[in-house]
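K.L.:
Can you keep this structure in mind? I'll have questions shortly.
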Amino acid sequence: MRTKPEQQIHQCECAICRAGDDPVTTQYHQQVNLLLSRLNEPQRRWYAGVLSQQPDSPSDHQLAEITGLDEKTIRRGRRELADGLDGLSPDRQRQAGGGRPRAEKKSHN
């Protein structure tokens, strides 16, 4: 039985965390990344979308440095939330037909 590989926790790459000058901000960024490591792909996107809309939120570029997510992913999460998650199945991580094609079983004769 295959086990799911454990999600790595992203280490924030923002200037504040690299300098280590603000332990409160550094701890907050660590907590954000810990939470993101426990979420699936769409949930990470939506959480980043929510973070990007908070008052005094960092720019998408800064949020990408903090979370390790691409700026386009953050924008997509914000857009999906604005659309009320319409057309997105709560049971699927990807849309039908998305992802890698299934591998065919090979028979050895």
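The values are calculated or read from the model by the stated rules, or taken from the named source; none is laboratory data. In this text the structure is predicted, and so the values were computed from the model without any measurement. Cβ coordinates were reconstructed from backbone atoms using ideal geometry, including for glycine residues, and neighbour counts include every protein chain displayed.
K.L.:
At positive phi, within 17 Å of the chain's Cα centre (by Cα), modelled with pLDDT under 95 and surrounded by 11 or more Cβ atoms within 10 Å (Cβ to Cβ) - does that describe any residue in the stretch 74-92?
P.N.:
Taking every residue of the stretch 74-92 in turn, at least one turns out to be at positive phi, within 17 Å of the chain's Cα centre (by Cα), modelled with pLDDT under 95 and surrounded by 11 or more Cβ atoms within 10 Å (Cβ to Cβ).
K.L.:
Taking the stretch 58-91 on its own, how many of its residues are farther than 13 Å from Val32 by Cα and touching a Leu at 6+ places or on another chain (Cβ under 7 Å)?
P.N.:
Final tally of qualifying residues: 2.
K.L.:
(1) under 23 Å from Leu85 (Cα atoms); (2) part of a helix (DSSP H, G or I): which one isn't true of Pro55, the others all being true?
P.N.:
Checking Pro55 against (1) under 23 Å from Leu85 (Cα atoms); (2) part of a helix (DSSP H, G or I), the one that fails is (2).
K.L.:
Out of Leu34, Leu63, Leu69, I need the residue that is exposed (fewer than 13 other Cβ atoms within 10 Å of the Cβ), in contact (Cβ under 8 Å) with a residue 12 or more places away in the chain and either basic (Lys, Arg) or under 27 Å from Leu85 (Cα atoms) (or both). Which one?
P.N.:
Criteria check complete, one pass: Leu34.
K.L.:
Restricting attention to the stretch 38-57, which residues are closer than 19 Å to Thr26 by Cβ and surrounded by fewer than 17 Cβ atoms within 10 Å (Cβ to Cβ)?
P.N.:
Answer for the stretch 38-57, where residues must be closer than 19 Å to Thr26 by Cβ and surrounded by fewer than 17 Cβ atoms within 10 Å (Cβ to Cβ): Gln54, Asp56, Ser57.
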